Amino acid sequence: MKSIRNIGIFAHVDAGKTTLSEQLLKISGAIRTAGSVDKGTAHTDRLPVERRRGISVKATCVELEWKDVRIHLIDTPGHVDFMSEIERSTWALDGAILVISAAEGVEPQTELLFHTFQRQNIPMILFLNKIDREGADIQRTMDEIREQLTDQAVSPEDTEQLMETVLGQDDELMERWLEGEEVPKDKIRQCFQRLCREGRTYPVLKGSALKGEGTEAVLDAIIGYLPEAVTKEDESCGIVFAVEQDPRLGLGAWVRMFSGSLENRQVLRGEHKISQIRDAGGHDTGRLQSGEIGMLFGIPDIRVGEPIGRADLLPRHIDLGSMGEPLMSVQAVPEDPEAREELRKACQILSLEDPLLQMKYVRQTGEIHLQVMGHIHQEVLQEVLESRFGLKAHFEKPTVIYKETIATPATGVAVYTMPKPCWAILHFLIEPGERGSGIRYRSEVGFREIPERYQHQVEQALPIALRQGRLGWEVTDVKITLVDGGYHHIHTHPLDFIVATPWGIQDGLEKGGSRLLEPVLDVTFYLPEEAVGRVMSDVAAMRGEVTDSHTEKNRTVLLARIPAATSMDYSEQLKILTGGRGDMTVRLSGYQDAPEGFMAARPRFSVDPLDTSKYILAARSALEGGIFDL
């Protein structure tokens, strides 16, 4: 089996990462001619919307070979609205290439990406692109890298700095050098490669992807400076990092295997069998081995983020939304009212491919709600619905995604004893928690009163019970204690406590009252000096506060904390205000109490547990739709 490198290419939007991907495919012989992003011919931009807009919106995996090494290359979107695609790609990687424009320098998303990979200990190659462009300044960009990213960025061509970096991190070589011994150059080079593969230092290459300059060196660097995929003949362990629909085979799941292997006809998820396995190059191989990336078919409703085999063997934590989560919700409305059910099914498929969309369907009204990252994301979804599903739809004005918590302590009670056979009694004490504390649960009830297996069901049902509070938003920052309850050794049915848990939780939330929580953003502004006063005034008008400021490379950097509800459209205003010279990055800081008197609610997506008659009928499948409908 050949050595494998699983890598991704990342960048701030328009830095040239897709152009670099095309050149790597061409040089390696995987394709004859490099495609063009601007002309819509890039091989890694496969969707019609990508070709039409000239931007990547989905991560794409391709395969190439270089010097007898298999390279699985994931080309990712650059726009911040598609950060979820970028995040999921990292689950499959052993290393990354971070493309930085030598004309624009280190940009806001460059910093976000670099520090995210650094935290996850993903080794990186830094590629300074567009060195042929007017305004390109390699030295300035290197200074910015060392100032804003890391002081361990080293050009392999700079022998003096290479020596200094290696000796500074290798005690044995430093001791030999201090004793006057000449350290062989090949020893320095080998040590540098090891440090790069361990993510302790970062090689910096330069070139022009558009002209193919310096791109062959990138292929050599992938082999020399990024780690080989570890292969383990252990129990099967893999992760689904993307799913997509194939017109002939149906739902396909992109899987990175970390140990063990999968084969055609192998049973996964109960009775479902894998019908076909393709490698990253699209060939039917019938087998996916440790260290490889490939696509498998035949498992219905397989989910992004779903582990294959032993989840405890995964090398890093999988957390949806860790690099950014949607803060806006939009209602999708079909132009043809008769197409509502088709639109619902299409949105359901898109939510399967991107779990952060979290499609919600209000059965009573037929409303379809989606979570979106921003306006570009929304526009692309609209285009995808038309080009892929033939559905014309528009989106209502976006609303901020709020959360809620309980206002005062209360006890929620569920007595599910009729109609027989059933028996589950629960008493929950629900109390407000500190902001950012999430959900804290414990039980004071012994296993004599409620056996362990039923208490486990209560814990399983809590996330479902808290999915919507009395205002319709996700409930957070609460302490929940099971203080009393009971079961019946004859009448208790296996699922009774799963049915009773949302009932008791909602009863407590109703009694304690709801407090609305609004999302707050940490915002970094990069401004020309003449715009600073105006932006500070705008921050105050948006109910925000400036927390810090400093100057770097002839611009002012303002740090601020602003509610999402007041700043949703400010990035567009900032471009106009600064003539395109200003920029801003945002990340979710947390949730805080909404202003006094302000209230926002949304409809329930499933039967209200406090409408007990309907709820029990739905739980027993006597009504259309289950009690846990999305």
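Each semi-axis of the equivalent ellipsoid for segment 435-520 is √(5λ) with λ an eigenvalue of the Cα gyration tensor; in descending order they amount to 26, 13, 11 Å. Average 1/r across all pairs of distinct alpha carbons in segment 371-512, invert it, and you get the Kirkwood radius: 17.1 Å. Rounded to the nearest angstrom and listed largest first, the equivalent-ellipsoid semi-axes of segment 122-266 from its Cα gyration tensor are 37, 25, 12. Here the sum of -39500 (n - 2.57) over DSSP H runs of 4 or more residues, divided by the residues of the chain, equals -8500 deg cm²/dmol at 222 nm, to the nearest 500. Pairs from the list LYS17/LYS211; LYS26/LYS232; LYS273/LYS360; LYS26/LYS206; LYS420/LYS614; LYS2/LYS67 with a Cα-Cα gap above 20 Å: LYS26/LYS232; LYS273/LYS360. Taking 25 °C and 0.890 mPa s as conditions, the chain diffuses translationally at an estimated 90 µm²/s according to Stokes-Einstein applied to its Kirkwood radius (Cα pairs). Sorted largest first, the principal axis extents computed over the alpha-carbon atoms of segment 52-192 equal 62, 37, 29 Å. Taken per residue, the accessible surface of the chain reaches 45 Å², heavy atoms only and a 1.4 Å probe.
What translational diffusion coefficient, to the nearest whole µm²/s, does segment 464-591 have by Stokes-Einstein, given a Kirkwood radius computed over alpha-carbon pairs, a temperature of 10 °C and 1.306 mPa s viscosity? Present the calculation step by step, with values, prior to reporting the outcome.
Working: Rh = 18.2 Å.
This corresponds to a translational diffusion coefficient of 87 µm²/s.
Computed over the alpha-carbon pairs of segment 235-363, the distance histogram in 10 Å steps reads 12, 38, 30, 16, 4, 0 percent, short to long.
Computed from the alpha carbon positions, the gyration tensor of segment 235-279 leads to an equivalent ellipsoid with semi-axes of 18, 14, 9 Å, biggest first.
Using the alpha carbons alone, the radius of gyration of segment 92-145 stands to its Kirkwood radius in an Rg to Rh ratio of 1.01. The HN-Hα couplings worked out from phi for segment 203-218 by the Karplus form 6.51 cos²θ - 1.76 cosθ + 1.60 (θ = phi - 60°) are x, 10, 10, 9, x, 10, 4, 4, 9, x, 7, x, 7, 5, 5, 5 Hz, whole numbers, x standing for Gly and Pro. Taking only the Cα atoms of segment 285-432, the ratio Rg/Rh comes out at 1.07, with Rh defined as the Kirkwood radius. Rolling a 1.4 Å probe across all protein chains gives VAL532 an accessible area of roughly 20 Å².
Can you pull the percent of the chain's accessible area that's carbon plus sulfur, 1.4 Å probe, other chains left in place?
Numbers: 13530 of 28450 Å².
The C+S portion of the solvent-accessible surface of the chain is 48 percent.
Summing +1 for each Lys or Arg and -1 for each Asp or Glu among the other residues whose beta-carbon sits under 11 angstrom from that of ILE145 gives -3.
Relative to the compact globular guide of 2.2 N^0.38 Å, what is the alpha carbon radius of gyration of segment 152-222, as a ratio? All intermediate terms of the calculation are to be shown ahead of the outcome.
On the way: Rg = 13.7 Å, N = 71, 2.2 N^0.38 = 11.1 Å.
In units of the 2.2 N^0.38 Å rule of thumb, it is 1.24.
Placing unit charges on the Cβ atoms only, positive for Lys and Arg and negative for Asp and Glu, gives segment 200-317 a dipole magnitude near 200 debye about its Cα centre.
The packing ranking of peptides 426-436, 491-501, highest mean first, is 491-501, 426-436, where packing means the average number of other beta carbon atoms within 10 angstrom of each residue. The calculated P(r) of segment 516-630, using every Cα pair and 10 Å bins from 0, goes 12, 33, 18, 14, 12, 9, 2 in percent. Using a simple spin-label model with pseudo-atoms 7 Å out from Cα toward Cβ, GLU263 and ASN121 lie 3.4 nm apart.
The values are calculated or read from the model by the stated rules, or taken from the named source; none is laboratory data. Nothing here was measured: the structure is a model prediction, and the numbers come from that model. A quick note on method: Cβ atoms are made from the backbone with ideal geometry, for glycine too, and the neighbour counts reach across all protein chains shown. All accessible areas refer to the heavy atoms of the entire protein, side chains included, with ligands and DNA or RNA removed. Shrake-Rupley method; radii C 1.70, N 1.55, O 1.52, S 1.80 Å.
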